[in-house]
1. Where a Cα-Cα gap under 18 Å defines reach, which aspartates and glutamates qualify for Lys83, not counting those fewer than 8 residues away within the same chain?
2. Taking amide H positions as placed in the peptide plane 1.01 Å from N, state which residues far from Gln152 in sequence (5 or more) or on other chains have amide H under 5 Å from it.
3. So what is the 222 nm mean residue ellipticity for the chain from helices alone, if each DSSP H run of at least 4 adds -39500 (n - 2.57) and you divide by all residues, rounding to the nearest 500 deg cm²/dmol?
4. Based on the Cβ-Cβ distance of Glu213 and Asn276, what FRET efficiency does E = 1/(1 + (r/R0)^6) give at R0 = 25 Å, to the nearest 0.05?
5. Using 11 Å as the cut-off for backbone N distance, which residues of region 4-25 belong to the label zone defined by a point 7 Å from the Cα of Ala176 along Cα→Cβ?
6. Tabulate in residue order the Karplus-calculated ³J(HN,Hα) for region 97-113, using 6.51 cos²θ - 1.76 cosθ + 1.60 with θ = phi - 60°, rounded to whole Hz; enter x for Gly and Pro.
7. Among Gly265, Gly117, Gly13, which one shows the highest mean-square fluctuation when the chain is modelled as a Gaussian network with alpha-carbon springs under 10 Å?
8. Which of Val239, Val55, Val270 moves the most in a Gaussian network model of the chain with Cα springs under 10 Å?
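Please treat every number below as a calculation from the coordinates, not as lab data. Nothing here was measured: the structure is a model prediction, and the numbers come from that model. Methodologically, a virtual Cβ is constructed for each residue, glycine included, from the backbone with ideal geometry; neighbour enumeration extends over all protein chains shown.
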Amino acid sequence: MRDFSNKVAAITGAGSGIGRALAQNLAVRGCHLALSDVNPEGLAETARLCEASGVTVTTALLDVADRAAVFAWAEQVVAGHGKVNLIFNNAGVAHSTPAETARIEDFEWVMNINFWGVVHGTQAFLPHLRASGDGHVVNLSSLFGLIAVPTQSTYNASKFAVRGFTEALRMELEIAAAPVSVTCVHPGGVATQIADSARVDPGVTALTGDSPEQARANARKAIQTTTPASAAEQILRGVQRNARRVLVGPDARWLDRLQRLLGSGAYQPVLKWALNKRKATV
């Protein structure tokens, strides 16, 4: 997909962060938008910003964990816009907890949004993307879908799952010679609001030395590497070149090289050393 003009893109988690930046970038390029989010205020603001570019914008309050609601939204998008060419499965949440004591409820919360939300969006929109004759699925994994990090077991599980699902889908569509392609996106630290809404279990203190409040503050600081606008630009360039994988930000690219160079058995001691060093200074 070389050109986004007069295409129709559906974006989940469009009320802020990368989702909003994608919407604004696409609107400037003449792409019509179907936006969804669980936050009505943020969603309305994104729509207002995009409508200034003169494109058609529709919105829907949507919980991506609700499979029936996602499928109904896909039908509404096609009914309202006449077609849909792209789905950006962007909605996501963050969670920090030791793997040993992670509650099943926390796993379910993270997986229902981060993984099942991607599956729901992909399966709901794929028939319509095929029908468009020029479709693209963009699924947001994470740098933490490439490397595992202490206290991130639930988040790692969801993002590794997104990566596996997305890469398998890409190959299947190629085998079938479908008019749809797929890109898996691995952002590093992007300055969004995800740290503010993250759930942090008190058990992280024993591993990191930080209180839950300090853990959130550290996360906010760590994700300042890349702006949402830059992330959106990198993602859309990846779609235009039909990339299988897009690494967003210098931290994602550097750590991806590290884990490929050292291998999964060797990068882990490096991360463990860094965490122990940090804990000793707390």
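1. Asp3, Glu75, Asp134
2. Here Thr97 satisfy the definition.
3. About -16500 deg cm²/dmol.
4. Given R0 = 25 Å and the Cβ-Cβ separation, E is 0.70.
5. none
6. Once θ is set to phi - 60°, the couplings for region 97-113 become 6, x, 4, 5, 10, 4, 7, 4, 5, 6, 4, 5, 4, 5, 5, 4, 8 Hz.
7. Of Gly265, Gly117, Gly13, the Gaussian network model singles out Gly265 as fluctuating most.
8. Val270
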